[in-house]
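The next block holds one structure in the form of structure tokens; read it before the comments.
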Amino acid sequence: MHMSERADHKTAAMPVPAAGDWSPDMIRQEVASLQHEPGPLLPILHAIQARIGYVPEGAVPIIAEMLQQTRAEIHGVISFYHHFRTRPAGSNLLEVCRAEACQARGGRALERHVQKKLGVGYHETTTDNEVSLEPVYCLGNCACGPSIRVNDEIIGRVTPQKFDELVDKLTTSVLQLK
Amino acid sequence: MTITIYVPCDTTALSLGADRVAQELQVAAAELNKDIRLVRNGSRGLFWLEPLVEVQTPYGRVAYGPVEPGQVKELVAAGLFEGNPDHALYLGDIAQHPYLQRQQRLTFARIGITDPVCIEDYIAHGGFAGLKNAAALTPQGIVDEIKASGLRGRGGAAFPAGIKWQTVLDEPHDQQKYVVCNADEGDSGTFADRLVMECDPYMLIEGMTIAGLAVGATLGFIYVRSEYLLSRKMLDEAIRRAEEHGYLGDNVCGNGRAFRLEVRLGAGAYICGEETSLLESLEGKRGLVRSKPPLPAIKGLFGQPTVVNNVLSLAAVPYIMAHGGKTYADYGMGRSLGTLPIQLAGNIKQGGLIELAFGVTLRKVLEDFGDGSFTGRPIKAVQVGGPLMAYLPESQWDTPMDYEAFAKLGAGIGHGGVVVFDDTVDMGEQARFAMEFCAVESCGKCTPCRIGSVRGVEVIDRIRAGDNRDNNLVLLEELCETMVDGSLCAMGGMTPFPVQSVMKHFPEDLMASPRPVEA
């Protein structure tokens, strides 16, 4: 794939709507565009989360009605999968790999450092709403760990110093005017 | 004259700054008024050398690596565009690198060489030859070739692929059948599926299409874990182009049969790598494991006959159909035929992808390829086959990598991941993590897994705290037995393997109090 094509994809993925900014019509649109696919529920939930940033609780009855399933069934699927959020995340989603290959390269120490630096535990968001921290069990970057993911970018061989630089960049970059 | 430069675009290269390296190269070329063609190739799987920059020269593709973005200027000044050897990062013709020369790359013959989504590149390097051969055969003829290859499921269960395909083929024809690719590569230490999807996606498309022709399926799904966004992007693009070129669609290779492919994203559930849980997830349900029988080959996706194979199994198929099952079966040993893509990871100096015939010893992999630990300290333990497999002490490293030989040790090869730990590892903590991981990822359907894993963490904590140690050790042994014998699937059934291996080979670590982790 050539550079230009890759760059296009990146900018296309950038704009994320403000958290909490959703309407029942948005949900209906996403369900309607996918409901005739075989086994449409996961694609629908992905589409909603990609559009709104999370799957609002208010979406459950709408999805249930349109798919002719019970609310319990829809809720059960959302709660089963770690990937789906029912509340908005902070401005940045940070995932730290907790799996064995990263552990072998200092992943546990990095986990502690990350939590100390951000002042939050897993499944929490910093008070300034900049970073939501989640654990992840393997990013497939196992020969160059420890690895983290910041939004759509995976970063390898992360040291505490490298992490601090990254966080500083992340929290200051929002002030830049483009 | 245009100079062709290659900078990989797989996840590992990107995670180490490959995009910035590529940008710096373009800036440097513009400054010097050099006409360059920048190709974003896949990775060759020599990960300690990433980002690996290659330059096309009359003497082959000359490489430099690992290149940090800040080093590009100095490399260009030292003659990178001319393939000049006067730099410490100069590696010479990369195809001659001993790490590659010592491998037997049948499945991964193209990775790092081609532009992953360039279909012309794929065809120029032998792509679609297997599909063309298959399109000229009867379905039974294809299945016979797969049987002759001795190919066994590379996802971990090692079930003969040909027998699975035969079962689906033998189901009545007048019904919908499916091919499902398990690309939920959740085992830590594994990245071979990812490399197939990111670096040679047409190979997977070709393998699945052949499977479709073989069993009479017209629709295939690739279930990709949600962590692998780049894999999904590459596959979507490759599927689109394969349709345009007539390799997918209503008339595959002009032989009148239809086959279509769709990529579906998982949602961060390790258990969905278990095939029946994966099928439930594809159907839009919670990923609860199904009881078997019925086998998915008979009642699989939406209750229809379904081939479920791992990425690596399907990726081996184009080679088999292009060169013959017998050629593939000439590699390997005993009942483990063909090649095994070993993924060397963790605390290792030279980590990466190593495709070799079955039968190589772990020691050879660690020493000849890995060149020892990354930290330079002695290696203490190696976990082969993912989080549900045993930790092997040095006394077991001379075992040949063969399904049966590993099974005899109470270990397994799984999906071929090899995770290396140096002597600073606390094996008691590793045993505890095995149970903790199972508690997080259990689907919750059966009790031994759902409750057993939680109790496992508690019992290990008590042992490590010195609380009633002897009785708790007995309890842990019994708990492990219950989980192995009583669980519905491999998640609960194999979580005890790493724990038991620690109890057997590293008991002193299990008894020791937990060490504080420095932050």
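The values are calculated or read from the model by the stated rules, or taken from the named source; none is laboratory data. Bear in mind that the values here come from a model prediction, so they are computed numbers and not experimental data. Methodologically, a virtual Cβ is constructed for each residue, glycine included, from the backbone with ideal geometry; neighbour enumeration extends over all protein chains shown.
Would it be correct to say that B:GLU171 is touching a helix residue (DSSP H, G or I) at 6+ places or on another chain (Cβ under 9 Å), acidic (Asp, Glu), away from every other protein chain (no Cβ under 11 Å) and surrounded by fewer than 22 Cβ atoms within 10 Å (Cβ to Cβ)?
Yes; evaluated as a whole, the condition is true for this residue.
Out of the helices (runs of 4 or more DSSP H) lying entirely within segment B:418-519, which hold 3 or more residues that are of a type outside the set (A, V, I, L, M, F, W, C) and surrounded by fewer than 19 Cβ atoms within 10 Å (Cβ to Cβ)?
Those helices (runs of 4 or more DSSP H) span B:447-464, B:469-486.
Considering segment B:416-439 alone, what residues qualify as being within 11 Å of chain A (Cβ to nearest Cβ) and among the aliphatic types (A, V, I, L, M)?
B:VAL418, B:VAL419, B:VAL420, B:VAL425, B:ALA434
Which one of these does A:LEU139 not meet: (1) under 23 Å from B:SER281 (Cβ atoms); (2) out of contact with any His (no Cβ under 9 Å at 6 or more places or on another chain); (3) more than 7 Å from chain B (Cβ to nearest Cβ); (4) not hydroxyl-bearing (Ser, Thr, Tyr)?
(3)
Residue pairs, Cβ under 7 Å, 6 or more apart or interchain, first in segment B:57-82 and on the phi > 0 side of the Ramachandran plot, second among the small types (Gly, Ala, Ser). List them.
B:GLY60/B:ALA95
Identify the residue in segment B:440-466 that is of a type in the set (Gly, Ala, Ser) and touching a Leu at 6+ places or on another chain (Cβ under 7 Å) and, among all such residues, is nearest to the other protein chains (Cβ to nearest Cβ).
Here the answer is B:GLY456.
If I ask for residues that are assigned to a loop (DSSP other than H, G, I, E, B) and away from chain A (no Cβ under 14 Å), which ones from segment B:174-213 would you list?
B:ASP174, B:GLN175 - these are the residues of segment B:174-213 that are assigned to a loop (DSSP other than H, G, I, E, B) and away from chain A (no Cβ under 14 Å).
Could you tell me which residue of segment A:1-57 is surrounded by the most Cβ atoms within 10 Å (Cβ to Cβ), considering only residues that are part of a loop (DSSP other than H, G, I, E, B), at the interface with chain B (Cβ under 10 Å from one of its Cβ atoms) and modelled with pLDDT of 50 or more?
Going through the qualifying residues, I end up with A:PRO40.
Which condition number in (1) touching a helix residue (DSSP H, G or I) at 6+ places or on another chain (Cβ under 6 Å); (2) closer than 22 Å to A:ILE27 by Cβ is the one that A:GLY76 fails?
Of the numbered conditions (1) touching a helix residue (DSSP H, G or I) at 6+ places or on another chain (Cβ under 6 Å); (2) closer than 22 Å to A:ILE27 by Cβ, the odd one out for A:GLY76 is (1).
Quick check on B:GLU227: is it under 25 Å from the mean Cα position of the chain (by Cα), surrounded by fewer than 24 Cβ atoms within 10 Å (Cβ to Cβ) and facing chain A (nearest Cβ under 10 Å)?
Answer is no for this residue.
If the Cβ limit is 6 Å and pairs must be 6+ apart or interchain, which residue in segment B:23-45 that is within 12 Å of another protein chain (Cβ to nearest Cβ) pairs with which residue that is of a type in the set (Phe, Trp, Tyr)?
So the pair list comes out as B:VAL39/B:TYR6; B:ASN41/B:TYR6.
Going by the structure shown, is B:GLN56 surrounded by 15 or more Cβ atoms within 10 Å (Cβ to Cβ), within 26 Å of B:PRO341 (Cβ to Cβ), away from every other protein chain (no Cβ under 12 Å) and of a type in the set (S, T, N, Q)?
no
Where in segment A:85-178 are there strands (runs of 3 or more DSSP E), lying fully within it, with 3 or more residues that are surrounded by 23 or more Cβ atoms within 10 Å (Cβ to Cβ)?
It comes to A:92-97.
Among (1) more than 10 Å from chain B (Cβ to nearest Cβ); (2) closer than 19 Å to B:PRO387 by Cβ; (3) in contact (Cβ under 8 Å) with a residue 40 or more places away in the chain; (4) within 16 Å of the chain's Cα centre (by Cα), there is one condition A:GLU134 misses while meeting the rest; what is its number?
All conditions are met except number (1).
Can you tell me which residue within segment B:1-22, out of those that are within 26 Å of A:ALA143 (Cα to Cα), of a type in the set (A, V, I, L, M, F, W, C) and more than 10 Å from every other protein chain (Cβ to nearest Cβ), is surrounded by the most Cβ atoms within 10 Å (Cβ to Cβ)?
B:VAL21
Filter segment B:290-331 down to the residues that are buried (at least 20 other Cβ atoms within 10 Å of the Cβ), out of contact with any Gly (no Cβ under 9 Å at 6 or more places or on another chain) and either within 14 Å of another protein chain (Cβ to nearest Cβ) or not small (Gly, Ala, Ser) (or both) and list them by number.
B:PRO296, B:GLY300
Which residues, counting only those in segment B:245-268, are within 24 Å of A:LEU34 (Cβ to Cβ) and either part of a helix (DSSP H, G or I) or within 14 Å of chain A (Cβ to nearest Cβ) (or both)?
Hits for segment B:245-268 are B:ARG260, B:LEU261, B:GLU262, B:VAL263, B:ARG264, B:LEU265, B:GLY266, B:ALA267, B:GLY268.
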